[in-house]
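See structure below.
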Amino acid sequence: MVEAYLNQIVTAVPDHDIHRKFIDYAPSLLGDEKQRNLLRRMASKAQIEHRYSFLRPHPDAKGFDADGFYRPGAFPDTQTRMRFYEQHALGLAKRTLDQLNFAEHKDEITHLILTTCTGFYAPGIDLQVMEHYGLKLSVERTVIGFMGCNAALNALKLARHIVRSEPSSKVAILNLELCTIHLQETDDLEQLLSFLIFADGCSASLVSTHPAGIELQSFTSTVMPNSADQITWHIGGLGFDMVLMGRVPSTITRGLPDSLGSILCGQRPEDIEHWAVHPGGRTILDAVQKSIGLPDGMLRQSRDVLRRFGNMSSATVMFVLKEMLRPGTAGGRGCAMAFGPGLTAESMLFQTAGTNA
């Protein structure tokens with residue numbers, strides 16, 4: 001049987017670090033001093049140092065962004081947010097794809113897969129990328145939309161199916177999210193805490209039968225019972241209304257052990273040398289580590305990505321997988337995992353060959 005390989009991964013973020021500004025600004029949205037202090041304490045424990053955005057931080061302590069996208073009492077409607085997404089998304093896609101020397105692959109690409117849950121328009125980024133780089137008009141394009149943080153694993157799953165059924169295929173995947181354009185003017189502490197972790201980012205990758213990089217071995221999808229309300233994403237009049245409930249880590253802690261046998265195809269956790277877990281937040285990583293019984297350090301790459309970039313929804317787990325391709329990384333069996341609406345755990349077993357130092 002022909003096998004599929006994740007040959008390359010590149011990543012990019014916008015220029016502006018918004019994290020410190022959010023911590024300074026967000027408490028002003030809360031009317032209760034106790035809640036403001038709690039938000040500050042939770043921010044100090046989030047283990048996030050940087051989050052990037054197309055929004056420029058306002059120099060004034062009372063303002064959020066320098067361009068007035070978020071004005072007190074007049075946060076933008078959904079149409080304005082979608083126009084902002086359309087103005088900036090292609091630029092971030094090109095910044096990312098250029099690192100792949102994508103134009104050099106233009107005659108080889110047969111499929112293009114885009115994942116995003118933070119903005120939509122048509123004709124969309126997929127067609128714009130195809131036109132900008134001069135891809136063949138026969139390239140098959142697929143948009144995986146609104147699946148949230150685990151969409152990248154669904155894209156890799158689809159790419160694996162494609163190259164195994166059509167071995168001459170070469171699949172490009174683009175995971176692009178502008179999460180920071182969906183901040184809500186709210187006094188709901190739990191909702192503000194979810195905004196504390198989200199950021200903008202993009203990853204691009206190539207999947208083919210060429211035996212280099214990460215071998216994509218198997219995929220598993222698991223819906224955890226009685227959890228459909230814990231991660232939700234609805235289109236409202238003032239942007240996309242995102243809910244990431246505080247119960248998510250405890251649901252993972254309870255539900256993941258029962259699914260681990262199928263996720264690992266009967267292997268033991270100690271047989272897995274690389275864990276690429278989507279850093280949905282510090283408490284989610286803690287819940288995965290506790291429920292599987294992983295030693296300290298096994299989620300080092302995930303925690304590092306969270307610290308440096310925050311949660312960029314579908315792009316984030318690709319940032320973690322990129323770390324598995326760094327020079328000096330030992331070869332071995334790996335497991336990637338991400339959580340999204342449902343509450344659904346998408347997972348992938350993979351094999352790295354290791355790279356030279």
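Brief remarks on what is shown
- Expressed as a whole percent, the proportion of Cα-Cα pairs in the stretch 144-218 lying more than 20 Å apart is 46%.
- Per-peptide average of other Cβ atoms within 10 Å, ordering 296-303, 338-345 highest first: 338-345, 296-303
- Among 322-331, 250-259, the order from most to least packed when residues are scored by Cβ within 10 Å on average: 250-259, 322-331
- The string of couplings for the stretch 166-180 from the Karplus curve (6.51, -1.76, 1.60, θ = phi - 60°) is 10, x, 7, 6, 9, 9, 9, 10, 10, 10, 10, 9, 10, 5, 6 Hz, one whole number per residue in order, with x for Gly and Pro.
- Ordering of 238-245, 55-62, 188-195, 284-291 by packing [mean C-beta count within 10 Å, highest first]: 284-291, 238-245, 188-195, 55-62
- The fraction of accessible area contributed by carbon and sulfur in the chain is 50 percent, rounded to a whole number (1.4 Å probe; ligands and nucleic acids excluded).
- For the stretch 33-155, the residue among Leu92, Ala66, Gln47 whose Cα projects farthest onto the positive side of the dipole built from Cβ charges is Gln47.
- J(HN,Hα) series, the stretch 6-11, from Karplus relation 6.51 cos²θ - 1.76 cosθ + 1.60, nearest Hz, glycine and proline x: 8, 7, 9, 9, 10, 9
- Pairwise Cα inverse-distance average, inverted: Kirkwood Rh of the chain (Å): 20.7 Å
- For the stretch 34-128, the alpha-carbon coordinates run over 58, 31, 23 Å along the three principal axes, in decreasing order.
- For the stretch 161-279, the Rg and Dmax computed from alpha carbons only, in angstrom: 18.4, 53
- Per residue, in Å², the accessible surface of the stretch 195-261 once ligands and nucleic acids are set aside, probe 1.4 Å: 39 Å²
- Residues whose placed amide H lies under 5 Å from that of Ala276, excluding near-sequence neighbours: Cys335, Ala336, Met337
- Here the stretch 36-168 is treated with +1 on each Lys and Arg Cβ and -1 on each Asp and Glu Cβ, and its dipole about the Cα centre works out to around 800 debye.
- Alpha-carbon centroids, the stretch 188-208 and the stretch 318-333: separation in whole Å: 21 Å
- Between amide H atoms placed 1.01 Å from N, distances below 5 Å from Val139 occur with no residue 5 or more places distant or on a separate chain.
- For the stretch 252-306, the Cβ-based charge dipole about the Cα centre amounts to some 200 debye (Lys, Arg positive; Asp, Glu negative; other atoms uncharged).
- Centroid-to-centroid separation of the stretch 123-159 and the stretch 217-241 [C-alpha atoms, Å]: 21 Å
- Globularity index of the stretch 233-357 is 1.09 (Cα radius of gyration / 2.2 N^0.38 Å, N = number of residues).
- Summing +1 for each Lys or Arg and -1 for each Asp or Glu among the other residues whose beta-carbon sits under 10 angstrom from that of Glu3 gives +1.
- Length gained when the stretch Asp107-Asn37 is fully extended (0.36 nm per residue, less Cα-Cα span): 19.6 nm
- Relative contact order for the stretch 1-135, counting Cα pairs under 8 Å that sit 6 or more residues apart, in percent: 24 percent
- Most positive-pole-ward Cα, Met242, Thr232, Ala199, against dipole of the chain from beta carbon charges: Ala199
- Couplings 3J(HN,Hα) of the stretch 51-57, computed from phi: 9, 10, 8, 7, 7, 7, x Hz, in residue order, whole Hz [Karplus 6.51 cos²θ - 1.76 cosθ + 1.60, θ = phi - 60°; x for Gly and Pro].
- Amide H contacts for Ser218 (H built 1.01 Å from N in the peptide plane; partners 5 or more residues away or on another chain; cut-off under 5 Å): Leu349.
- Neighbours of Glu166, meaning other residues whose beta-carbon lies under 15 angstrom from its beta-carbon, give a summed charge of +1 when Lys and Arg score +1 and Asp and Glu score -1.
The values are calculated or read from the model by the stated rules, or taken from the named source; none is laboratory data. This structure is a prediction, so every number in the text was calculated from the model and none was measured. Here the Cβ is made from the backbone with ideal geometry for all residues, glycine too, and neighbour counts use every protein chain on show. For accessibility, only protein heavy atoms count, side chains too; no ligands or nucleic acids. Shrake-Rupley method; radii C 1.70, N 1.55, O 1.52, S 1.80 Å.
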